[in-house]
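Visitor: Below: one structure in C-alpha cells.
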Amino acid sequence: METRRDFLRTAVVAAATATLGEVALGAASKIPSPDRRGILCDLTACIGCRSCEAACRKEHGLSSVSSLSELGRSNVPERRRPSPDALTVVNEYKHPNGAGSPTFVKVQCMHCDYPACESACIVGAISKKESGPVLWDTDKCIGCRYCMVACPFQIPSFQYDTALKPDIVKCDFCVHRTEKGGVPACVEICPVEALTYGRRSALIEIARKRIENYPDRYRDHVYGEFEAGGTSYLYLAKTDFKELEFPSLKREPMPGTSESIQHGIFAYFVPPISLYSLLGGLMWINKNRQKAEEETTE
Amino acid sequence: MSTLTTPEPLTKKYITPGVIILAILAFNGIAFVLARLFFGIGAVTNLSDQYPWGLWIGVDVAAGVALAAGGFTSAALGHVMHREDYHAIVRPALLTAMLGYTFVALGVMIDIGRWYYIWHPLLMWNGNSALFEVGICVIIYMTVLYIEFLPIVTERFMGRVQLKGILSILNRPLESLLRTLDRTLSKTMFLFIIAGIVLSTLHQSSLGTLMIIAGPKIHPLWQTPVLPLLFLLSAVAVGFPMVIFESLLASRSFGLKPEMHILSKLGTMVAPLLGIYLAFKLGDMVIRETFVYLLEPTTESVMFILEVALGVVLPLRMFLSRAVVRSPLWLFVASMLVILGVLLNRINNFIVAYTPPYATGGYFPSVGEISVTVGFVALLVLVYRFLVKVFPIISVEQRHTSPVTKYSIRGTAK
C-alpha cells in the first residue's frame, strides 16, 4: 500500500511539474543566442566627460538640447534619467567619505536577456533581437506605456508633449551601426575605453579577469551577469552597486511570474472552455429544474 | 409570471437641477479631453516617465471594469442560476455594464498615446502580456454586452418603426431586420450570456496580473502572485452592492418605490462574497508575513488599513445585520462602502503602491485628469438617464390591468 501511494504521489508531482514547467515557459523559454553582443561598462575608468552623451545625441539627431560645450564634469547633476532628448546620461555619485574621487554612472537601456518590456507590451512592439538589442517598433506601438510600468530599470521614456504620434524612446544599441560591423556611438567615442563592445560571454570573461587581476580596484560583482536573468550591459565598479543606485534584482527574469499565470489561465484554452461548459451545464440543469417545479405546482 | 412589475421606458422629465450640474461637469471633462487630443498627454496630466500610469488607468479603467462587474454577477444569478425573482435587476445591471465598459474603452483611448491605434491588439498579438488579454477580453465582452442589449431594442421598436418622409421606405426593411434579430437572438442568447461570464472572469482576474510584472516597484502590501484571484474575488463581491446602489439611486431619482424585496435578498448574498475576499486577502498577508509593513507609519500602510477596514470589514459586518439589509438607507450606505473599498483598492494597486526606483517626487492627479474622470462619470449617468427613458429597462409597478405582450404589439403594427 505504502509504495503504491508513494508511486502515485511521485507520478502526480511529476505530471504537475511537467505541465507547470511547460506552462511556465513563455518568452522566458526563448533562450538568447550564445553569440549575442553586449557592452561592458567599467565605472572605475569613467571620468564623467559625457562625450558618450554627446555622441549619442548626434547619432540619433537629438543635438538640439545641449551642445558639447555644456558638457563636462562640472555640470553633472544627480539622478538624471534618459529622456526623449537623451538616450543615455551620465550621473555623478560622490564618494561616501566625501574626500575620495566620485563615481560616474552611465545610464541607458540594459537590453535585458529576458526583457520585462517585451513580455508586457500589449502589441508585441518591443522585441529582443538575437544579436542582443531590445528594440521598439513604431509601427505597432499604441503608446500605452505598460513597458514603462514593467521595466525594473525605469528606462523607456515617453514623448508626453507630442499630441499626435508620441514615441517610446530608449537606447537602440546603435543597431544601424552594429549591423554593418561597427560599434555603438558611445563606445566609439569613449576616450578612456570605459566601454567595451563585444560578445557578451567574452565580456564576462574580461570582467572576471579584471576582478581577478585587480582585486583592490574592483568589487567582486559583475552587475548584469545575473540580474533579472542577465542583461546585455554589464557593469564593473569599486563600490557596492547599491550605493550607485543600481536596483537590487533577483536572478529570475522579471516576466516569470506573470507569464506563468497568463499561460496557466490559458493552457490550451482548457480553463476557459471548462468554465464555459460548466456554466452551460448549470444553466441547463437550473432551467429544467424550474420547469419541473412549475409542472408539479400546477 | 407572478411579479407585478415589468420593465418600461420611464416617463419622468429629463432635465432636473442635478442633470444640469452633471452636464456642466461633463462639458468640463470634454474640454480637457480636447486639450489632451490637441496638445498631448503631458499638457493635461501629471504623468511622467517616473509615473507612466495615473488616475485614468487606476480609476477610469481598473476601477471602472471592477464596478461594471454587476453585469456578469447578475447575469450569472438571473440566467445561469435561473432565478426568475431577480430578473428585474438584470436589465439595469446590463445597461450599467454596457455603459461602464464603453467608458472604460473611452478612458483607455484618451490615455494611450496613439489613440487611433486602439485596434492594434486585434491584429498584433502578444500572448505573454496580461494587458493584451485584458484588452482582447474587454473588446469581445463589450461586443457581447451590446448583443445582450439588442433584445431590449427589438422589444422597444418591433412593430413601432414609423420613420417619416423619405426615410419611410426604410420602415419595412428595418422592421424585418428587427424581427430576424429577435428570432435569432432568442434562440442563441444563452451562448452570449455564458460567454460574457467567462470573459468577465478572465479579464477581471487579468487586471490583477497587470502589476505583477512591475515586481519590486509595487509595495509588498499589494504585490502578490495571488493578485489575479484577489481582483476576481473583489469584483464578484462588488457586483451586487453596485446593483443595489444604482437601483436605490435610480428609484429615488425617478420617484419609484425601491425594490426592497429583491435588493434585501441580494444584500444577504454580499456578506459571504465579501468574506471569501477578505479571507484570501488576509490569508495572503499572513502567508507572506506582510503585516510587518502595517506598523510603519507610511501612506501605504494607512491606505491599506483604510481599504480593508472601511471597504471590506465594516460593510461585511453591516451586511450580516438583518436590520441593515431591510433598511433602504443602511443598505445604500453598506453598498457604498463596498464600492468605495474596491475603488480604493484599485487606486492603491495602480497608484499608491507604485514607487519608481528613481523617484524624484510623488504623483498626484492634475486638475485635468480629475476633470476628465469626473466628466466621464457624469456623462455616463446622463446617457444612462436618457436610455432608461427610451428603452424598457427599469421595472415599474404595473398600473394598467391588461398586460401588453410584445406579440400583441406585433399584430397591431402598421
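The values are calculated or read from the model by the stated rules, or taken from the named source; none is laboratory data. Only a predicted model underlies this, so the values are computations on that prediction, with no experimental measurement involved. Cβ coordinates were reconstructed from backbone atoms using ideal geometry, including for glycine residues, and neighbour counts include every protein chain displayed.
Visitor: Can you work out which of the residues in the range B:32-50 that are more than 9 Å from chain A (Cβ to nearest Cβ) and crowded, with 21+ Cβ neighbours inside 10 Å is nearest to residue A:167 (Cα to Cα)?
Guide: Applying the filter and picking the extreme gives B:44.
Visitor: Among (1) loosely packed, with under 14 Cβ neighbours inside 10 Å; (2) within 14 Å of chain A (Cβ to nearest Cβ), where does residue B:15 come up short?
Guide: So the condition that residue B:15 fails would be (2).
Visitor: Within the range A:131-141, which residues are more than 8 Å from chain B (Cβ to nearest Cβ) and part of a loop (DSSP other than H, G, I, E, B)?
Guide: The answer is A:131, A:132, A:133, A:137, A:138, A:139.
Visitor: Name, by its number, the condition in (1) within 15 Å of the chain's Cα centre (by Cα); (2) surrounded by fewer than 17 Cβ atoms within 10 Å (Cβ to Cβ) that does not hold for residue A:240.
Guide: Only one criterion is unmet by residue A:240, namely (1).
Visitor: Considering only the range B:121-134, I want to know if a residue exists there that is more than 9 Å from chain A (Cβ to nearest Cβ), exposed (fewer than 15 other Cβ atoms within 10 Å of the Cβ) and within 30 Å of residue A:162 (Cβ to Cβ).
Guide: The answer is yes; a qualifying residue exists.
Visitor: Return yes when residue B:174 is part of a helix (DSSP H, G or I), more than 30 Å from residue B:296 (Cβ to Cβ) and either in the same structural domain as residue B:266 (by TED's automatic domain parsing) or aliphatic (A, V, I, L, M) (or both) and no when it is not.
Guide: yes
Visitor: Something else about it: Test residue A:225 against the criterion of being acidic (Asp, Glu), within 28 Å of residue B:225 (Cα to Cα) and either surrounded by fewer than 16 Cβ atoms within 10 Å (Cβ to Cβ) or within 13 Å of chain B (Cβ to nearest Cβ) (or both), and give yes or no.
Guide: Considered against the rule, which asks whether it is acidic (Asp, Glu), within 28 Å of residue B:225 (Cα to Cα) and either surrounded by fewer than 16 Cβ atoms within 10 Å (Cβ to Cβ) or within 13 Å of chain B (Cβ to nearest Cβ) (or both), residue A:225 comes out as no.
Visitor: Can you confirm whether the range A:248-257 contains a residue that is more than 14 Å from every other protein chain (Cβ to nearest Cβ) and crowded, with 20+ Cβ neighbours inside 10 Å?
Guide: No, because not a single residue in the range A:248-257 is more than 14 Å from every other protein chain (Cβ to nearest Cβ) and crowded, with 20+ Cβ neighbours inside 10 Å.
Visitor: Of A:244, A:249, A:278, which residue is within 28 Å of residue B:208 (Cα to Cα) and not in a helix (DSSP H, G or I)?
Guide: After applying the criteria, what remains is A:249.
Visitor: Would you mind stating whether residue A:119 is out of contact with any Lys or Arg (no Cβ under 9 Å at 6 or more places or on another chain) and more than 29 Å from residue B:47 (Cβ to Cβ)?
Guide: So residue A:119 fails the test.
Visitor: Failed condition for residue B:364, given (1) of a type outside the set (Gly, Ala, Ser); (2) part of a helix (DSSP H, G or I); (3) at pLDDT 95 or above, with all others met?
Guide: Here residue B:364 clears every test but (2).
Visitor: A further question follows. Quick one: what pairs do we get from the range B:9-25, first residue touching a residue at least 24 places away in the same chain (Cβ under 8 Å), second surrounded by fewer than 11 Cβ atoms within 10 Å (Cβ to Cβ), C-beta under 7 Å, 6+ apart or different chains?
Guide: From residues that are touching a residue at least 24 places away in the same chain (Cβ under 8 Å), the pairs are B:12/B:255.
Visitor: Only one of A:133, A:156, A:166 is without any contact (Cβ under 8 Å) to a residue 24 or more places away in the chain, in the same structural domain as residue A:235 (by TED's automatic domain parsing) and surrounded by 21 or more Cβ atoms within 10 Å (Cβ to Cβ); which?
Guide: A:166
Visitor: On the given criteria, is residue A:144 within 22 Å of residue B:356 (Cα to Cα), in contact with a strand residue (DSSP E or B) (Cβ under 9 Å, 6 or more places away or on another chain), at the interface with another protein chain (Cβ under 9 Å from one of its Cβ atoms) and buried (at least 22 other Cβ atoms within 10 Å of the Cβ)?
Guide: Here the answer is no, as residue A:144 does not meet what is asked.
Visitor: Of the residues B:97, B:35, only one is of a type in the set (Gly, Ala, Ser) and assigned by TED's automatic domain parsing to the domain that holds residue B:117; which?
Guide: B:97
Visitor: Working only within the range A:142-187, note down all residues that are over 22 Å from residue A:81 (Cα atoms) and either under 21 Å from the mean Cα position of the chain (by Cα) or not in a loop (DSSP other than H, G, I, E, B) (or both).
Guide: A:142, A:176, A:177, A:178, listed by residue number.
Visitor: Restricting attention to the range A:205-231, which residues are hydrophobic (A, V, I, L, M, F, W, C), without any contact (Cβ under 8 Å) to a residue 40 or more places away in the chain and outside any loop (DSSP other than H, G, I, E, B)?
Guide: A:211 - this is the single residue of the range A:205-231 that is hydrophobic (A, V, I, L, M, F, W, C), without any contact (Cβ under 8 Å) to a residue 40 or more places away in the chain and outside any loop (DSSP other than H, G, I, E, B).
Visitor: Right, next: Which residue pairs have Cβ atoms under 9 Å apart, sit 6 or more places apart or on different chains, and have a first residue in the range B:371-395 that is closer than 19 Å to residue B:58 by Cβ and a second that is of a type in the set (Lys, Arg) and in a helix (DSSP H, G or I)?
Guide: Going by the 9 Å Cβ cut-off, the qualifying pairs are B:372/B:36.
Visitor: Also, quick follow-up: Determine which member of the set B:202, B:163, B:167 is at the interface with chain A (Cβ under 10 Å from one of its Cβ atoms) and out of contact with any strand residue (DSSP E or B) (no Cβ under 8 Å at 6 or more places or on another chain).
Guide: B:202
Visitor: Filtering the range A:258-298 down to residues that are among the charged types (D, E, K, R) and more than 7 Å from chain B (Cβ to nearest Cβ), which residue is nearest to the chain's Cα centre (by Cα)?
Guide: Per the stated criteria, the residue is A:289.
Visitor: Restricting the first residue to the range B:186-207 and requiring it to be in contact (Cβ under 8 Å) with a residue 24 or more places away in the chain, which pairs with a second residue that is outside any helix (DSSP H, G or I) and surrounded by fewer than 18 Cβ atoms within 10 Å (Cβ to Cβ) meet a Cβ separation below 9 Å and a spacing of at least six or different chains?
Guide: B:202/A:266
Visitor: Of the conditions (1) surrounded by 11 or more Cβ atoms within 10 Å (Cβ to Cβ); (2) within 14 Å of residue B:378 (Cα to Cα); (3) not aromatic (Phe, Trp, Tyr), residue B:5 satisfies every one except a single condition; which number is it?
Guide: (2)
Visitor: Could you list, in sequence order, the residues of the range A:188-204 that are in a loop (DSSP other than H, G, I, E, B) and over 24 Å from the mean Cα position of the chain (by Cα)?
Guide: Scanning the range A:188-204 gives A:190, A:191, A:192, A:193.
Visitor: While we're looking at this one, here's another question. For residue B:247, indicate whether it is over 17 Å from residue B:307 (Cα atoms), touching a residue at least 40 places away in the same chain (Cβ under 8 Å) and small (Gly, Ala, Ser).
Guide: yes
Visitor: Show me the strands (runs of 3 or more DSSP E) found entirely inside the range A:78-129 where at least 1 residues are more than 14 Å from chain B (Cβ to nearest Cβ) and touching a strand residue (DSSP E or B) at 6+ places or on another chain (Cβ under 6 Å).
Guide: The qualifying strands (runs of 3 or more DSSP E) are A:89-93, A:103-107.
Visitor: Scanning the range A:98-129 for residues that are within 18 Å of residue A:228 (Cβ to Cβ) and among the polar types (S, T, N, Q), which turns out surrounded by the most Cβ atoms within 10 Å (Cβ to Cβ)?
Guide: Ranking the qualifying residues of the range A:98-129, first place goes to A:119.
Visitor: Find the residue count for the range B:208-260, including only residues that are surrounded by 24 or more Cβ atoms within 10 Å (Cβ to Cβ) and basic (Lys, Arg).
Guide: Total satisfying the criteria: 0.
Visitor: Among B:70, B:29, which is more than 10 Å from chain A (Cβ to nearest Cβ), under 19 Å from the mean Cα position of the chain (by Cα) and not basic (Lys, Arg)?
Guide: Matching residue, one of B:70, B:29: B:70.
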